Structure formats: structure tokens, C-alpha cells
Amino acid sequence: MISRRTALRTAGGAALLGGTAGLARAIDQGLVLDFDKPALHAWDDWNSRRHAGPLALVSAGILASSPHNTQPWRFAIGRLGVDLFEVPERNLGAMDPFGRERLAGLGGAIHNMALASTTLGRETMVRLLPDASNPLHVARIELGPEGQGSAPHSLLPAIGRRHTHRGNWLGGPISAAELRALDEAPRGPEVRLQMFAAGAPRGQRFAALTVEATQAITEDAAMMEASHSWFRHSRRDQDRFKDGLTIATSGVSPFIAAMGALLPPQSAASEGRYWLDATRDTALPTASAFGLITVADPWDRRSALLAGATWQRLHLIATALGLVAQPLNQLPEMVDRERELGRPPRFARAADALLDDVLLRPTFAFRLGHAAAPARPALRRPVSEVIGFPARLGYDVDRARAETLAQDAAMARRF
Ligand SMILES: Cc1cc2nc3c(=O)[nH]c(=O)nc-3n(C[C@H](O)[C@H](O)[C@H](O)COP(=O)(O)O)c2cc1C
């Protein structure tokens, strides 16, 4: 059986031999002739500020990072602002058995919406998990009267330029000033950040553990199947679903991506082998630094939202600084899988040992660095496809406020 990498290499030769079916597949994926792609319009919509008022918040929210580009969200525009709802059906199955990553994606959307609110000239209040009787209602962005807002945020242009970069990077250090800018990213008191140089002992330990965790995932049929179900091979599926992962954003060069598109769709197993190779031989060795976002309880819903918002903020800062970034979450994903199956916590113990603070646990892992070219944008469902009716119209702001304060107090007591 040939690996995807070998297959991609030999695909160049196949293309030169000129299989018309292959060429049709490459055109189908928009990789040879770059036809207009409706699944990328959401990026232009934000960059050209097509949407005004509360819809501008949704336009920014949908560009957030989400696990496997599942986009697990639904928005509702109401009298008081914009409500955000979790869509549990858009899930990653055994890759995310507790929905921890799904909530992180929603946290990223909340973060972008908060930034976008600074374009409205209205005072904004973000309420997390505002409705105790509806856990799917993950946030309300409350908009106050006009004329009381803050100035447009300096990171707004980065929202439309932030893309996950899975390619071959250039290496080299990240400057102390850049690390400081990232380290000073505002985040809730319950969220911490730990970064280490890729060549430092802890960086090397992180890399070794990430390879082990990737290998474990590739040997887990349920995890691989769940991951595979979000891979959109054909142009038709990309246009129809406007979500998930594609070969164009997998990190291979545009030429190799075009050649890879000539191949028939890959199985979950061959995708796994390619992913393990790419992680071990490309992602880890060409990174400049690694980082971990940590919280006391990764499975606490509020903490998961805040961790995702923190990732979104870090990635926007990195983009504004001209750095590239990629989440590398195999380790936290294996911690969840062990926990779900009641296995001995081998990965959990190893991940905890990367941290200085024994009270914290890693919930999000990533690499940072420099690249010669930016990454391509990923597919997105546009604003018109993600707006629905408020799940619960009789929303009680005062009650939600009291509940949020009680949650804050409960969190504070845990420290
Ligand atoms: C919680 C979470 C976990 C993620 N884990 C990974 C990962 O392990 N590897 C990776 O390449 N991308 C990961 N991503 C990035 C998403 O795949 C990416 O955001 C999505 O495909 C959309 O692409 P974009 O970020 O370029 O807009 C993760 C994102 C989130 C929010």
C-alpha cells in the first residue's frame, strides 16, 4: 500500500501522462482553474464589510477557527443583540467525546464577535452561558445604545487574514517582542498560556508526545473515521457543505495540492498515514515555538469557551505580527479519549508534566513560526446559512446576569 505522500509525489507523473479523468477531478476541486468558490465568499464579505449592524458580528464570528472546520454554530439576531447557539450535531465524534473542542470553536466565534462589535459604535456586553435552562445557548452579545462604543479594534483586519497554516515552515526564532505581544494577549483569569522554543527540552518533549499521540489516533479506527467524515474531497461537496477540511488547506504546496486532487478520494487509513508523516517530518521540525493553553478543568464548559477565545486572540495577534500558526491538538485529544474509555491516563500524566503549575491542565496545543507564503482560506458557510430563530425567546436578562455572577463566584472559589 502506498502512502499519501508517495502517492502525491507520483501523482505529478500521472498528471504529466495526462489522464483526463484526473484533470477533471483537479478542475472539480478548483485547483487547476481557480473558478469562483461560493464556499469562500464569507471571507470577502467580512473583508469588504458587506454586512452592517448586528449582522457584522455574525460575519466576523463565522470566520473563527473551529475543530476540523465543523462550524458548530447557529446565530440569532434579537432585540438585545446577537445570540450564539451550539449545534452538537456538528461534532467530531470520538475525536472530541466531551465536546470540549466544539466549545473552543464557539469561544473563537464569541471572541471575533466581541471584536467586531467595536465597529458598531455601541457599548457591548458579552454574557457566556446566559441561560441555565438552555445549555446550548452559549453566549449573548448584548448591544447597548448607539454612540457609546469604543474605537474599532486594531485586530479587526486580521480576522479576514487569519488562516491555519499546515505547511512546511522556515524555522528560526520568534523575537522576544513578538513572544511578549502573544503572552500579553488578554484572557480570563482562569486561562493561562505556556510557550516554549521548539528546540528547548520542553519543546522537544512536546514534539515527541505529539508524535506518539498522532500515532495513537491513527491506530484508533473510531477517531480516524470521525476525522475522515469532515474531509471534503469533491468540489461538489465543498460547494454544498462549505465546511470541513480540503486538500487545498492541508499544507501541501499548491502544485502538490493540484496533483493530489488527481487521485481518487483517500481512505481514512491513508489520510492517517499522511497526517502522521506530515506531523513528524514537517509540522514539528519546522516550528519555531510551541504553546499550550491551560485551565484548571478542561471539561468545564465556560473554561472551554474561554480557551477557544484565547486561541482566536493568539492567532489574530500572530497574523498581525506576520507569524503563522497551527493548532496541534493530538495530545489533548488523546487525553479525552483515554478519559472516555476509562483507560490509564498515560497521555494525561505526560501532558500535565509539561506544565509548571500542578493545578492546571493543557486544553489546547499549537505551533508558531515563520512561512514563506500565507495559508489558503478554509471553507465557510455564509451569514445567510447560519442564522436562525432564538431557541428561547423569553430570555430573562436579569436572571442570566445573576447566574453568570454565581458561576464567576463558583470559579473563583476553586482557586
Ligand atoms: C479546538 C480546535 C482544535 C483544532 N485542532 C487542530 C489540529 O489539531 N490540527 C490542525 O491542523 N488544526 C486544528 N484546528 C484548526 C481547524 O482545523 C481550523 O480552524 C479549521 O479547519 C478552519 O480553518 P481556518 O482556521 O484556516 O479558518 C483546531 C481548531 C480548534 C478550534
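The values are calculated or read from the model by the stated rules, or taken from the named source; none is laboratory data. Values in this document were obtained by computation on a predicted structure and should not be read as measured data. Quick reminder, even Gly has a Cβ in these numbers, built from the backbone with ideal geometry, and neighbours come from all protein chains shown.
The number of residues in the stretch 192-225 being under 15 Å from residue 338 (Cβ atoms), over 19 Å from the mean Cα position of the chain (by Cα) and crowded, with 17+ Cβ neighbours inside 10 Å comes to 3.
So if I check each of 131, 96, which one is touching a residue at least 12 places away in the same chain (Cβ under 8 Å), among the acidic types (Asp, Glu) and in contact with a strand residue (DSSP E or B) (Cβ under 8 Å, 6 or more places away or on another chain)?
On the way: 96 fails: in contact with a strand residue (DSSP E or B) (Cβ under 8 Å, 6 or more places away or on another chain).
Of 131, 96, the one residue that is touching a residue at least 12 places away in the same chain (Cβ under 8 Å), among the acidic types (Asp, Glu) and in contact with a strand residue (DSSP E or B) (Cβ under 8 Å, 6 or more places away or on another chain) is 131.
I'd like to check something: does the stretch 136-151 contain any residue that is in the same structural domain as residue 93 (by TED's automatic domain parsing), within 16 Å of the ligand (Cβ to nearest atom) and under 29 Å from residue 244 (Cα atoms)? Taking every residue of the stretch 136-151 in turn, at least one turns out to be in the same structural domain as residue 93 (by TED's automatic domain parsing), within 16 Å of the ligand (Cβ to nearest atom) and under 29 Å from residue 244 (Cα atoms). Note on the stretch 191-309: enclosed helices (runs of 4 or more DSSP H) holding 1 or more residues that are under 30 Å from residue 382 (Cα atoms) are 221-228, 235-241, 254-260, 268-278.
Here is a yes/no grid of residues against (1) basic (Lys, Arg); (2) in a loop (DSSP other than H, G, I, E, B); (3) away from the ligand (no atom under 14 Å from the Cβ):
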{"site": "317", "(1), (2), (3)": "no, no, yes"}
{"site": "334", "(1), (2), (3)": "no, no, no"}
{"site": "344", "(1), (2), (3)": "no, yes, yes"}
{"site": "363", "(1), (2), (3)": "no, no, no"}
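What about residue 65, is it small (Gly, Ala, Ser), in a loop (DSSP other than H, G, I, E, B), near the ligand (Cβ under 10 Å from one of its atoms) and not assigned by TED's automatic domain parsing to the domain that holds residue 305? The answer is yes for residue 65.
Consider the stretch 78-92 and keep the residues that are surrounded by fewer than 18 Cβ atoms within 10 Å (Cβ to Cβ) and more than 21 Å from residue 307 (Cα to Cα). The one that is farthest from the ligand (Cβ to nearest atom) is 79.
Of note, residue 306 satisfies the criterion of being surrounded by 24 or more Cβ atoms within 10 Å (Cβ to Cβ), more than 12 Å from the ligand (Cβ to nearest atom) and within 14 Å of the chain's Cα centre (by Cα).
Search the stretch 178-196 for residues being of a type in the set (Asp, Glu) and touching a residue at least 60 places away in the same chain (Cβ under 8 Å), and hand back the single one that is nearest to residue 319 (Cα to Cα). Per the criteria, the residue is 178.
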